[in-house]
Every structure is written in structure tokens, then in C-alpha cells.
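The numbers here are math on the coordinates, done by the rules we state, and not lab data. All values reported here derive from a predicted model rather than from experimental measurement. Counting neighbours? That spans all protein chains shown, and the Cβs are built from the backbone with ideal geometry, glycine included.
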Amino acid sequence: MSTISGVSADAPVVVAANGDKQSLIMYRFDLIDARAALALARVLAEGAEKYGEQNQRGIPTDQQINHALQHLYAYLAGDTSDDHLGHAICCCMMAQAVSLVENSA
């Protein structure tokens, strides 16, 4: 079984100014832009409807990156037929997820 760094039982402990203890917070979810996260979730919902849930996990990292670049260039070229930035961030997220699995094997 794999563990997520900083979230397991052996996460480092920090002491607050008042003496209370807690696990060290290694992640800053509060910095993720809510509207960007909603756009990502919308693209994922559309993709799940069109291709099936979790389909993206079978697409290799290099193809995910190519899809992201395609959307970025379409956006830069002024194409407004799709949420190209939403698709690009989704492709990058999927590339990262697939890469993490590929590199942990």
C-alpha cells in the first residue's frame, strides 16, 4: 500500500505558539483557485460522459501533454469554440497523475 507524503501517521509534528500540536501541513489546498477547480471539474464531467469515467488513466503522459499543447495553441490562436484553458489544465493534471503511476512502478 502506498502512502501520501505528509498525510500518513508518521507526518512531522509542529507545535503552535499556544503549545498545541498538529501534523505539519505540507499542502496548500487553500491556494487552489476555486473557479479554476470548478472549470477542471466541468471538463472532467464532460470527459466522463463522452469517454467514460477514468478513461484518461489509460492515455500515456506524452499524449496527454500533446493534447494540452493543442488546447493551449488553440487558445493562443484565438479559438473560442471550447474552454481550451480548462481542457489544457485537465490534460496537465491527467499527465501528472499518469506520470506518478508510471514512475512508481
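Comparing Y75, Y27, Y51 in a Gaussian network model of the chain, where Cα atoms under 10 Å apart are tied by springs, the biggest mean-square fluctuation is seen for Y27. Would you mind telling me which residue in L69, L40, L24 has the biggest mean-square fluctuation in a Gaussian network model of the chain, where springs connect alpha carbons within a distance under 10 angstrom? Result for the chain, Cα springs under 10 Å: L24 fluctuates most. Taken as Cα centroids, the stretch 11-40 and the stretch 65-82 sit 33 Å apart, rounded to the nearest whole angstrom. All other residues whose Cβ lies under 15 angstrom from that of L76 are scored, Lys and Arg at +1 and Asp and Glu at -1, for a net of -3. Residue-wise HN-Hα couplings along the stretch 53-65, as the Karplus relation 6.51 cos²θ - 1.76 cosθ + 1.60 with θ = phi - 60° gives them from phi, are 5, 6, 4, 4, 5, x, 8, x, 4, 5, 6, 4, 5 Hz; Gly and Pro carry x. Of the two radii for the stretch 32-104, the radius of gyration is 0.97 times the Kirkwood radius, both from the alpha carbons; that is the Rg over Rh value.
Once you list every other residue whose beta carbon is under 14 Å from the beta carbon of S99, what net charge do they have if Lys and Arg are +1 and Asp and Glu are -1?
Counting the neighbours of S99, the net charge comes to -1.
Note on the chain: GNM, Cα springs under 10 Å; of R28, R42, R57, the largest mean-square fluctuation is that of R28.
Percent relative contact order of the stretch 32-104, based on C-alpha pairs within less than 8 angstrom and at least six residues apart? This gives 39 percent for the stretch 32-104. Charged neighbours of Q64, selected by a Cβ distance under 13 Å, balance to -1 (K, R count +1; D, E count -1).
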